[in-house]
Structure formats: structure tokens, C-alpha cells
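Peer 1: Starting off with a structure, shown below.
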Amino acid sequence: MIELFKHLMPLNQENFDWIFANYGMAIYVVLFLVIFIETGLVAMPFLPGDSLLFMAGLFAFKGNLDLSYLLVLLFVAAVLGDNCNYWIGRKIGIKIFDLKLKGRTLVKKEYLDKTHLFFEKHGTKAIIMARFVPFVRTFAPFAAGVGEMNYKKYLAYDVLGGALWIGSLLLAGYLLGNVDIIAKHVDLVCIGIIGISVLPIIATMIKNKLNKN
């Protein structure tokens, strides 16, 4: 297991080759678990979800993996992971607001109220965009649970965000798998994808700042 983690970070074609060579068809299980853990456990935000999906798509192009299996399997992993994280936040994370030290709450109730209002107002966009931003996609479901975002609304946009994230990166790897320079620089490609994905967030922040002025 330790050796597997060593080859997941950083994830490049050489390390993905090692994973495939050592796990064979069990790589589907490895891929499922990595996506599920990254999105489902708030303490594991450092796993390489973006590059993993891109590399899986590239290997599907080469014929080593089945693209249709990957699309379905990893979509399920992403949605299950996010929902697990949401309910951890909702059932356990919220209890931190009841903790007290010397008669005083450690975290003010107003923070919970603000989190709740944020997800009620911006939750749909936040849940979708968070899928494409490392670390943020791990904490967003937890925060949505803590903020008690309406679950039906959360689930609908989480499913949409999961489909867009899994589909776009797998297909990007699959369609660009024959471009040699891209296959050799997967890390840079993923950084570029992340940069593009956070542009709407930056644009929104700038717009809000300008409106305040």
C-alpha cells in the first residue's frame, strides 16, 4: 500500500505504468478507491484526482482500459465519495459547534449560520466548480453538510458536477492520448485544466469586489 502511494504522488505516465503493471485489471479497483477517498474523506485532499482521470483516459485510448467502464465506475465513486463527505459533515462535523472550553463555545454559532446561508445562496455553483479544484473538492461537500445545505439540491448539482468532472478529464485523456507532447507532460496539462476551471471563481470574486466599490 505504501508503495502504491509512492507511485500516486506525483502521478505521471511512468508511475501509472507501474500501477498498471503491478495491479493489472485490479487497477479499476485502485482507481475507484482513489477517487472515492479523495472526494469522500476530508482528511485526504492530496490524492491526484485530476491527473489520475487524465491518465486513465490516456490508457483507455491505448486500449489498456475500457473507457465506458471508467466513465460509469469513476462517476459512481465520485458521487458516493461526495455524499459520504456531506453526511460526515452534517452528522459529525456540526458537533464541533457544541464543544465548549471553560464554558465558552470553541466555534461561534454565527459561523455555522454564515456557512448555511452561503450554500443556500451560492451552493449550486460552488458544488459544481469545486469538483475541478484540488483540495476544494474535498472540503466543499463537508462544508455543505456542516452548513446543512438542502440535500436534494446538493445531490442534484453534485451528480451534475461529478458527471462533468469525470467525463471531461477522462475524455480529455482519451482524445489527446495520441499527442506525444501531452502524454509526456500530464502534470502541466492538469495544472492548465485547474487554471481554466478556477477562472469562473476568480471572475466572480472580482465582480463582487467591484460591486462593493
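The values are calculated or read from the model by the stated rules, or taken from the named source; none is laboratory data. Keep in mind that what you see is a predicted model, and the values were worked out from it rather than measured. Note that each Cβ is placed from the backbone with ideal geometry, even for glycine, and that neighbours are counted across all protein chains shown.
Peer 1: Quick check on this structure: which one of Lys121, Lys152 is exposed (fewer than 14 other Cβ atoms within 10 Å of the Cβ), in a helix (DSSP H, G or I) and either modelled with pLDDT under 75 or of a type in the set (S, T, N, Q) (or both)?
Peer 2: Selected residue: Lys121, the only one of Lys121, Lys152 that is exposed (fewer than 14 other Cβ atoms within 10 Å of the Cβ), in a helix (DSSP H, G or I) and either modelled with pLDDT under 75 or of a type in the set (S, T, N, Q) (or both).
Peer 1: For region 165-185, give me the residue count where each residue is surrounded by 14 or more Cβ atoms within 10 Å (Cβ to Cβ) and at pLDDT 70 or above.
Peer 2: The number of residues fulfilling the criteria is 14.
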